[in-house]
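The values are calculated or read from the model by the stated rules, or taken from the named source; none is laboratory data. All values reported here derive from a predicted model rather than from experimental measurement. Cβ atoms come from the backbone with ideal geometry, glycine included; neighbour counts cover every protein chain shown.
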Amino acid sequence: HGRIERTYQNVYSRFFIRDANRKVEEYVRSCDRCFRNKTPLHQQYGELKWIQPPTQPWGLINLDFFVKLPEAVQEGRSYLVDSVLVSVCKTTRLARFILGREDWNADQWATAF
């Protein structure tokens, strides 16, 4: 069968079934034949590649940004802080928290790091 809408129209034109929309949707989603034969609508997954294990601390890190936080004042800074950059060393699991602003560019974040 085709999509859910097309199957529903086909059933609706021939039969009266209570709550047909939900039942047709469940049927189409659980159809084994459709699941096996329909091509996926996303790109094919890429090949996974191994990364070399780090040989020294801070050789491999994770960076996560937390933005749109409530603005806060910190002593010694001439700006309001509303973002945090969290960097975690994959070797030692040591984390650094760098405070900054959401409107900073890459150079400003690199300087703060």
Filter result for Val67 (within 30 Å of Phe97 (Cβ to Cβ) and either outside the structural domain of Ile98 (by TED's automatic domain parsing) or out of contact with any His (no Cβ under 7 Å at 6 or more places or on another chain) (or both)): yes
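Counting just the residues of region 95-111 that are surrounded by 12 or more Cβ atoms within 10 Å (Cβ to Cβ) and of a type in the set (A, V, I, L, M, F, W, C), which one comes out modelled with the highest pLDDT?
Residues of region 95-111 that are surrounded by 12 or more Cβ atoms within 10 Å (Cβ to Cβ), as a first pass: 95-96, 98-102, 104, 108-109.
Add one more test, that the residue is of a type in the set (A, V, I, L, M, F, W, C), and what stays is 95, 98-99, 104, 109.
On the way: Ala95: 97, Ile98: 93, Leu99: 92, Trp104: 92, Trp109: 91.
Looking at residues that are surrounded by 12 or more Cβ atoms within 10 Å (Cβ to Cβ) and of a type in the set (A, V, I, L, M, F, W, C), I get Ala95.
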The one condition in (1) touching a Ser or Thr at 6+ places or on another chain (Cβ under 7 Å); (2) closer than 30 Å to Thr92 by Cβ that Leu48 fails to fulfil: (1)
